[in-house]
Every structure is written in C-alpha cells, then in structure tokens.
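S.K.: Here it is, the structure, as structure tokens.
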Amino acid sequence: MMKEKTITVVTVLSVCCAVLLIIWLVFFCDLSGLKKSQTPEYMVKIFDKNQIIDINIFIDKEKWTEMLENATAQEYYTCNVSVNSKKYYNVGIRTKGNASLSMIRSSSQPQRYSFKLDFGEYVKDQTLFGLQKIALNNMIGDASYMKEYMSYEMFSALGVPVPGYAYASISVNGEPWGFYIANEDIDDTFVERYYDDLSKVNVYKPETMEMNGEDGQQPGGFGRNGSTGTNLVYTDDNLSSYSGIFDYTLFETTGDDDKMKAIEMMKSLSTLSDIEKHINTEEVLKYFAVNTFLVNLDSYAGSMKHNYYLLENNGLFEILPWDLHLSFGAFQMQQTSRVINFPIDAPVTDSMQNSPLISKLLEVDKYKTMYHSYLQKLIQEFIDSGKYYERIKQVSSMIDSYVKNDSMAFYTYEEYQSALENMIIYGKDRTLSIKAQLEGSQPSTEYGNIQSSLNLTALGTMGGGKNVGDRMMNTNQQSQGFFDTADASGTQMRQFQAPGEQNGAQSMPNQFGQPPADMQSMEPPDNQGQENMQPGNMPEPPEGFSSRQPPEFSEKRGFGPRPNQDQPGNFQFQNSTQASSTTAISSETALNSTPILPNGQNMRKNEINRNSPFRQADHTLEYAALGVSFAAIFIGLIAVFRFKKRKYSS
C-alpha cells in the first residue's frame with residue numbers, strides 16, 4: 001500500500017513539474033512559430049525614444065568631401081563609428097534620400113544630407129546590437145524637429161507597425177555636424193519584431209522615381225508614374241506591368257509566386273471580392289486614419305505614390321509608413337485652409353480612382369465605419385486625452401538645447417519655437433475639422449471652411465528653411481557667403497553660397513581634420529580587441545589570412561567587378577600593405593579597405609537570406625524538453641490510471 005501511495009505521489013509531482021516546464025517553454029522561451037521574439041537589444045540600447053543617441057563618424061576628410069560632392073551617387077564609403085561611446089570599425093556610410101537629396105545637391109543650402117550607416121557592409125555580420133542598418137534623417141522641411149517623431153508616435157498609438165526611432169546628435173571626426181532623427185531600417189530585423197514567421201513575409205518599397213542605389217533618386221528623375229503599379233491599380237496579370245513595385249523587393253527569396261499574390265490583391269480590390277482574403281483591412285484602415293489626420297501627402301495618398309512599404313504576411317497585405325518629415329501638410333499644400341479641412345473620405349490629392357487601396361475600401365460601408373472609428377479612436381485617445389500636447393512638451397524639453405546648438409540647422413531656434421506653437425494649433429484645429437466631418441456638419445469628400453490661425457509655413461515646407469545663412473554664420477563659417485533668394489511660393493530665403501561659386505550645385509567646404517589615431521584604422525586596435533566590437537560578429541577570414549588583416553578597398557569606394565579573381569565563387573580578401581603589429585595601419589590604407597565580393601555583389605545579400613540556417617535560431621533543446629514534458633505527462637496519467645484500477649479491482 002505504501003509503495004502504491006509513494007508511486008502515486010511521485011507520479012503526480014512529475015506531472016506537475018512537466019506542466020510547469022511546458023508553461024516556461026511556451027511563455028518564456030523564444031520558440032519560432034509559438035511566440036514572437038523578445039524586444040531586440042537595439043530597441044532598448046539605441047531606440048530609446050527618451051534618450052539622445054550620440055554618434056561620432058570618423059572618416060578621412062578627403063573621402064568625406066568626396067562623398068558630399070558626389071551625394072547623388074549614394075555610394076558607400078568606409079568609416080569608423082562611435083555610438084554612445086561604443087566603437088565600430090569599417091562601417092559603410094552613404095548619403096540617402098529622394099527629392100530632398102537632389103534638392104540639397106542642386107541648391108545652395110548647407111549640404112546637410114541624410115545618411116545611412118551599414119554596419120555589415122564591409123564586415124560580415126557586424127551589427128549595432130543586432131541592427132545592421134540605421135537611417136539618419138536630416139529633417140529638412142521640418143522647423144519643429146518633430147514631424148517624423150510625432151507622426152510615428154501617432155501611427156504607433158493605433159497599432160500600426162513602425163520602425164524604431166530616436167533623436168541623434170551627429171559629429172564628424174569629433175566636430176559637431178547636426179541634430180538628426182535616427183530610424184531603424186525596414187528589413188528582416190524589423191519584420192521579426194512584428195511578425196511570427198519571417199519566411200512567410202514579403203516586403204516591397206514601391207517607388208515612382210527612377211532610382212540609383214537602394215533608395216536614392218536618379219538625378220533629375222521623376223521617370224516613373226502610377227502606370228508602373230505603385231498606385232495599386234490592377235491592369236493585368238503580367239509582372240512587368242508592376243515594375244514600380246517588384247523592382248524594389250526587399251528579400252531575395254521573394255519569387256514570382258509571391259509577386260502574383262500582390263497582383264491577386266490588386267485584382268481583388270478592383271472587384272471588391274474576397275477583400276479580407278488578401279488585405280489586412282484593420283491595419284490598412286488604421287494607417288489611413290493616421291495618415292489622413294497628418295495630411296501626409298508625400299506617400300500613397302499623394303500623386304507620387306511612394307514613401308510607403310507594401311508588406312505581405314502569409315497572404316494578407318498591409319501598408320507601412322516611411323519618410324514622414326513632410327507630414328502635417330508640408331507636401332504640395334500651400335493653403336492652411338486646405339490642410340485643416342482636408343477631407344477624410346477623399347483623403348488623397350491624386351484621384352480616388354487612382355488610389356484604390358483606400359477608395360475601394362471606403363465604398364464598403366463596413367470598412368468606412370471601421371475607418372471612421374479609428375479616426376475617432378485616434379482623436380479621443382491621443383488628442384483629446386492630452387497625450388499629443390504632453391508629448392510635444394516632453395520632446396521639446398528633451399531636444400531644446402540640441403536644437404539651439406544645431407551646427408547646420410535649416411531653421412533658426414526662434415523658428416523652431418514658432419513651429420512648436422503651430423504644431424499645437426494644428427492638433428486642435430485639425431481635430432475640430434475631423435470631428436465636424438464625422439458629425440456631418442462639414443463635408444467629408446471635399447474641402448470645408450473651418451477657419452484656423454495655423455501658420456503652415458512656420459511648421460516648415462519643402463523648401464527647407466529660411467535664414468539658413470544666419471545659422472551658418474553662427475557656427476564660425478564666416479568665410480562663406482550668403483545670398484537672398486525665393487522658393488517656389490515666393491518666400492524669401494537666406495541661403496548658403498561658398499565664395500567664388502556663383503551657379504549650380506555648391507559643395508560644403510570641409511572643416512574637419514583627420515580622425516584621431518585610434519579611429520583611423522579600419523580594424524580595432526590590438527589593445528582593445530573585441531571589447532569594443534560585437535561579440536561573435538567578426539567572421540574568420542579565408543585560410544592563410546590573418547584575422548586582423550584589413551581588406552583592400554576597390555579604388556575609392558563601393559563594390560565592383562574585379563580583374564584577376566581566381567575563385568569568383570568564394571569570398572576573398574586582397575593583400576594590402578601591412579603595418580607592424582604595434583603600429584596602426586596608415587589612414588590611407590585603412591580607409592581604402594573593403595572586402596572583395598564575387599561579381600560585385602553585396603555581402604549581406606550574397607551570404608545571408610531570411611531562410612538560411614544563419615538566420616534561424618536553434619531551438620532543438622527547447623523542443624526536446626517540450627517533447628519530454630508531454631511524454632512525462634502522458635506516462636504519468638497512464639501510471640495513475642493503472643494504479644487506481646489495480647486498487648479498485650483488488
């Protein structure tokens with residue numbers, strides 16, 4: 001009897017332990033397909049929205065000048081980077097942007113370009129706490145410094161997936177360069193934050209401009225239009241008819257079958273059949289609710305039909321926001337009344353017929369009601385609750401001193417203060433207009449007549465900013481000249497012009513010296529080793545090469561086909577002049593260093609894809625424990641049943 005009781009107790013305890021183990025595995029371990037990954041380290045250490053990122057770029061001054069002078073090429077250069085005092089070596093840097101880049105390059109504005117840093121461009125799998133790329137946006141056209149920040153806050157408030165974002169103070173070779181906003185790049189790491197199974201996700205970045213590089217505009221090029229599919233209007237079943245979408249596919253694993261799903265989605269929109277089999281209507285309508293409040297027209301809602309991501313998750317399509325510095329009515333809207341009274345049920349400046357992703361959904365009463373409910377939710381929970389105004393106050397307190405000392409600002413500090421006042425007015429008056437449209441006292445498919453004291457120009461416009469020269473003069477650049485001009489609307493602007501340069505694109509004179517000795521080399525100093533690098537991110541070189549050997553750079557920058565590549569299928573290094581083990585390599589050798597790749601391919605695209613074993617976590621141990629736990633429960637229950645049966649039979 002004691003033996004049976006003991007066995008029963010032990011069995012019950014085993015079953016309880018197995019249940020607890022299952023609970024731990026499911027809720028506290030990252031099991032692919034069962035639970036989303038935990039918050040990535042970079043979201044905690046980099047994209048803390050309440051902290052300013054400190055970024056110092058160390059680069060040969062001649063290379064820096066060359067990159068700025070050839071900004072529209074958007075080619076990568078090697079540099080070293082310190083992020084919040086943590087050092088990274090041999091990082092890729094390039095200019096980035098579309099119309100804003102070309103506008104700065106072709107004007108006399110300060111050449112405060114937006115940049116992209118790629119930590120894995122030259123060093124395989126080097127990341128910034130798990131993040132490979134980070135975008136540094138110059139906030140041109142934003143006197144408030146908050147348009148992009150507050151826009152992402154509002155999208156996030158409604159549950160629309162947004163990239164990580166935070167402000168960043170940028171220095172070059174130790175000298176202040178500017179105050180930027182940093183964004184997480186939309187790639188596989190972003191997808192993994194929001195979606196359970198990366199292998200079932202495909203992402204496109206539709207573009208209406210002829211592009212040069214990843215996301216840059218070919219100089220002078222507005223060569224594409226809605227006929228290439230970016231308006232999501234269904235024309236036929238030919239992939240070539242939608243080159244504006246499919247030419248900008250993020251993942252190499254996206255195949256023709258995946259692309260056909262996008263065409264099927266557009267066909268479904270055109271006929272309003274099986275909509276919910278192809279579109280995540282809740283997410284799409286939430287996106288347009290926020291986009292409409294913001295009057296963000298440099299997007300799908302405008303005539304350009306770009307600056308958005310089209311994401312397919314297991315057959316359902318969503319739209320994601322991107323590049324929001326011209327929100328709050330700053331794009332192609334010159335009248336305050338039209339911004340405040342922007343119609344919620346015709347929320348595009350293109351024709352509704354040419355914007356089926358919103359127009360076709362609004363033809364269905366169910367979806368129109370959902371859309372209106374999201375507008376109400378946004379107003380009630382973010383505006384009327386006071387969060388909007390409180391957030392402006394909090395962010396202003398955080399960035400005020402940085403804005404005041406921004407060495408290359410497009411706007412003066414006084415203009416920044418005026419912009420904040422007008423951002424508050426925007427929130428109040430735009431809310432008043434939307435409420436009136438929802439109630440029916442103002443038209444919702446055409447512009448109404450609510451009056452507003454909003455100064456739209458004070459918030460910042462496409463032109464960049466006024467009094468640029470005065471700001472530049474305040475940063476000890478008295479040697480440069482300035483002249484008065486006018487933007488397209490006739491607004492007088494004070495612009496920068498280098499002496500001796502009368503016409504055409506102007507280059508920014510380089511005032512930065514060489515980087516300090518410990519940041520000139522493209523590899524970490526011997527006495528620092530891996531303590532300043534990401535653990536495990538430095539790959540072992542091919543046999544016969546030292547792990548500390550700097551790769552040689554292809555002429556001045558970037559990748560390209562190489563002569564005399566005996567093994568085109570393998571990742572190779574090319575011998576370069578070596579310094580002694582106790583002396584840092586020269587700046588010229590170090591800064592002319594980059595890996596050689598077969599056929600000029602990009603390392604990350606060539607060696608890593610979303611389905612590779614490298615990308616997948618190994619959960620063998622967790623799955624084994626899960627299986628053992630279920631087996632223990634099953635055996636335990638059988639044992640209890642048998643002992644009970646034996647007891648009653650006896």
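The values are calculated or read from the model by the stated rules, or taken from the named source; none is laboratory data. This one's a predicted model, so the numbers in the text were calculated from it and none came from an experiment. Here the Cβ positions follow ideal geometry from the backbone for every residue, glycine too, while neighbour counts run over all protein chains shown. We work out accessible area using only protein heavy atoms, side chains counted, and drop any ligands, DNA or RNA first. Shrake-Rupley method; radii C 1.70, N 1.55, O 1.52, S 1.80 Å.
S.K.: If you wrap a convex hull around the Cα atoms of the stretch 87-130, how much volume per residue is inside, in Å³?
M.R.: Numbers: hull volume 4.1 nm³, N = 44.
Hull volume over Cα atoms, normalised by residue count, gives 92 Å³.
S.K.: List the equivalent ellipsoid semi-axes of the stretch 382-453 in whole Å, largest first, each obtained as the square root of 5λ for an eigenvalue λ of the Cα gyration tensor.
M.R.: Three semi-axes, in Å: 31, 15, 8.
S.K.: Still on this model: Using 1/(1 + (r/R0)^6) with R0 = 51 angstrom and r between the beta carbons of K428 and D54, what's the FRET efficiency to the nearest 0.05? If you can, show how the numbers build up before the last one.
M.R.: Details: r = 35 Å, r/R0 = 0.69.
The formula returns an efficiency of 0.90 here.
S.K.: Then there's this: What FRET efficiency do you get for E363 and N238 if R0 is 22 Å and r is their Cβ-Cβ distance, rounded to the nearest 0.05?
M.R.: The formula returns an efficiency of 0.25 here.
S.K.: Taking a label point 7 Å from the Cα of N84 along the Cα→Cβ vector, which residues of the stretch 396-412 have an amide N closer than 18 Å to it?
M.R.: 398-399
S.K.: Between E252 and S106, 0.36 nm times their residue separation minus their Cα-Cα distance comes to what?
M.R.: Values: separation 146, 0.36 × 146 = 52.56 nm, distance 3.41 nm.
49.1 nm is the gain from fully extending E252 to S106.
S.K.: Still on this model: Less than 19 Å from a label point 7 Å out along the Cα-to-Cβ axis of D274: which backbone N atoms in the stretch 306-333 qualify, by residue?
M.R.: Residues passing the 19 Å test: 312-318.
S.K.: How large is ³J(HN,Hα), in whole Hz, for each residue of the stretch 286-291 in order, when computed from phi with the Karplus curve 6.51 cos²θ - 1.76 cosθ + 1.60 and θ = phi - 60°, using x for Gly and Pro?
M.R.: 5, 4, 6, 4, 5, 4
S.K.: Calculate the dipole size of the stretch 64-156 relative to its Cα centre from +1 charges on Lys and Arg beta carbons and -1 charges on Asp and Glu beta carbons; express the result in debye to the nearest 20.
M.R.: Values: 10 positive and 9 negative charges, 24 e Å.
Rounded to the nearest 20 debye, it is 120 debye.
S.K.: If you plug each phi of the stretch 174-191 into the Karplus form 6.51 cos²θ - 1.76 cosθ + 1.60 with θ = phi - 60°, what whole-Hz ³J(HN,Hα) values come out, in order, with x for Gly and Pro?
M.R.: With coefficients 6.51, -1.76 and 1.60, one gets x, 9, x, 10, x, 9, 10, 10, 9, 10, 5, 6, 7, 8, 5, 5, 5, 4 Hz.
S.K.: Out of S100, Y76, N173, whose Cα points farthest toward the positive end of the dipole of the stretch 55-173 (charges: +1 Lys, Arg; -1 Asp, Glu; placed on Cβ)?
M.R.: N173
S.K.: Quick check: residue separation of K387 and E69 times 0.36 nm, minus the Cα distance between them. What number comes out in nm?
M.R.: 110.2 nm
S.K.: Take the alpha-carbon centre of the stretch 419-452, take the same for the stretch 358-415, and report the distance between them in whole Å.
M.R.: Their Cα centres are 14 Å away from one another.
S.K.: With every protein chain present, what is the per residue accessible area of the stretch 71-114 (1.4 Å probe, Å²)?
M.R.: Per residue, the stretch 71-114 has an accessible area of 19 Å².
S.K.: Further, regarding this structure: Using r as the Cβ-Cβ distance of I635 and K267, and R0 as 35 Å, what FRET efficiency do you calculate, to the nearest 0.05? Each step should come with its number before you reach the end.
M.R.: On the way: r = 53 Å, r/R0 = 1.53.
According to the calculation, E is roughly 0.05.
S.K.: If packing is taken as the mean number of other Cβ atoms within 10 Å per residue, what is the order of 446-454, 227-235, highest first?
M.R.: On the way: 446-454: 15.2, 227-235: 20.7.
Output ranking for 446-454, 227-235: 227-235, 446-454.
S.K.: Provide the per-residue ³J(HN,Hα) series for the stretch 347-362, in order, calculated from phi with Karplus coefficients 6.51, -1.76, 1.60 and θ = phi - 60°, each as a whole number of Hz, with x at glycine and proline positions.
M.R.: For the stretch 347-362, the Karplus curve yields x, 9, 9, 6, 6, 5, 4, 8, 9, x, 4, 9, 5, 5, 5, 6 Hz.
S.K.: Considering only Cα-Cα distances, which of the following residue pairs are longer than 32 Å: K259/K366; K86/K200; K259/K377; K49/K305?
M.R.: K86/K200; K259/K377
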